Amino acid sequence: MDTRVDEIAPNIYRFSTFRPQAGIVFNQFLIDADEPLLFHTGQKWLFPHLHDAMKRVMDPARLRWITFGHYEADESGAMNDWLGVAPDAVIAHGTIGVRTSIADQADREPRALKDGEVFELGGKRVRYIYTPHVPHGWDAGLIYEETTKTLFTSDLFTRVGDDGPFTESDIVGPALAMEDHGHATALTPATAPTIRKLADLPIDTLALMHAPTFRGDGKKALHDLANEYAQRLIG
Ligand SMILES: [Fe+2]
Ligand SMILES: [Fe+2]
């Protein structure tokens with residue numbers, strides 16, 4: 001299993017593993033700072049590979065925060081494995097997610113985050129944004145790193161295949177093809193407005209979980225995706 005490591009913004013690292021059985025890549029992101037933060041834990045099967053990959057960047061025992069978009073195996077499955085190797089690490093997730101699942105499932109007491117809450121990592125600042133049911137799950141939320149203007153979109157813009165670490169080309173078309181095939185997004189009246197609200201952020205980089213990191217016009221991509229979802233909701 002080959003896990004690729006790329007620095008997508010200063011001291012922000014993307015770990016990417018292509019899983020042929022699934023046909024997609026699984027990406028996790030490390031924000032290296034005084035208090036390093038991992039966004040997405042990977043599944044349990046991925047943990048040993050991801051742990052080895054992280055050692056190429058830093059000692060995994062330094063991890064201080066473990067976060068994810070929503071409670072699902074690729075986002076949060078290995079959370080307790082990470083707690084096991086990082087003695088000072090704390091799982092931080094939205095309040096709803098902590099109440100519904102994480103407080104029960106995590107081996108250590110988690111921190112519950114409010115919508116818009118900012119936490120200082122020492123050199124990096126992460127804002128938690130609650131996005132219920134976007135892309136799916138009542139507990140769904142995203143993070144935004146303010147100093148690098150990086151939005152971590154979780155499953156938004158998921159595509160088939162491994163197209164490398166970076167792209168400036170269209171990310172909406174491949175995502176819609178995947179959506180029409182897999183129906184992974186919870187389409188509700190709130191889907192498009194929630195995505196449009198994300199586009200209000202200053203964005204230099206979109207860090208996508210199952211696609212290359214996007215360095216093009218992130219605001220336009222978010223608006224285009226929102227418009228397409230709004231269209232699909234009408235039918
Ligand atoms: Fe998901
Ligand atoms: Fe995912």
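A short reminder: the numbers here are calculations on the coordinates, not readings from a lab. None of these values were measured; they are calculated from a predicted model. Cβ sites come from the backbone with ideal geometry, for glycine too, and all protein chains shown count toward neighbours.
As a check on your grasp of the helix formula, calculate [θ] at 222 nm for the chain: sum -39500 (n - 2.57) over DSSP H runs of n ≥ 4, divide by the residue count, round to the nearest 500. Present the calculation step by step, with values, prior to reporting the outcome.
Numbers: 6 runs with 56 residues, N = 235.
Only helices count here, giving -7000 deg cm²/dmol.
Give me the distance between the Cα centres of the stretch 172-215 and the stretch 1-70, rounded to whole Å.
A separation of 21 Å, based on Cα centres.
Hey, what's the per residue convex hull volume over the C-alpha atoms of the stretch 3-234, in cubic angstrom?
Output value, Cα hull per residue: 105 Å³.
Only loop residues by DSSP count here, and only those with at most 10 other Cβ atoms within 10 Å; note down the trypsin sites (Lys or Arg not before Pro) in the stretch 1-85 that meet that.
Values: sites: ARG4, ARG14, LYS44, LYS55, ARG56, ARG62, ARG64; in loops: LYS44, ARG56, ARG64.
Hits after loop and neighbour filter: ARG56.
Mind checking which of TRP138, TRP82, TRP65 has the largest fluctuation in a GNM of the chain, springs on alpha carbons under 10 Å?
Greatest mean-square fluctuation among the candidates belongs to TRP138.
Which whole-number percent gives the relative contact order of the chain, counting Cα pairs below 8 Å spaced six or more residues apart?
On the way: 517 pairs, mean separation 36.9, N = 235.
This gives 16 percent for the chain.
Taking every DSSP beta bridge that has both residues in the chain, what percent is antiparallel when rounded to the nearest 5? Mind dumping the intermediate values first?
Values: 29 of 43 bridges.
Antiparallel bridges: around 65 percent, rounded to the nearest 5.
According to the square roots a ≥ b ≥ c of the eigenvalues of the Cα gyration tensor, what is the shape class of the stretch 56-114, taking rounded for a/c under 1.5, prolate for a/b larger than b/c otherwise, and oblate for the remainder? Write out the running numbers ahead of the final one.
On the way: a/c = 1.89, a/b = 1.70, b/c = 1.11.
Here the stretch 56-114 falls in the prolate category.
Do you know the relative contact order of the stretch 136-232, to the nearest whole percent, from alpha carbon pairs under 8 angstrom that are 6+ apart?
Over the stretch 136-232, the number comes to 37 percent.
Once the convex hull of the alpha carbons of the stretch 32-130 is built, what does its volume come to per residue, in cubic angstrom?
On the way: hull volume 8.1 nm³, N = 99.
So the per-residue Cα hull volume is 82 Å³.
Take the stretch 142-219, drop everything but the C-alpha atoms, weight them equally and run the Debye formula without solvent; then report log10 I(q)/I(0) at 0.17, 0.18 Å⁻¹ to two decimals.
Result of the Debye calculation: -0.65, -0.74.
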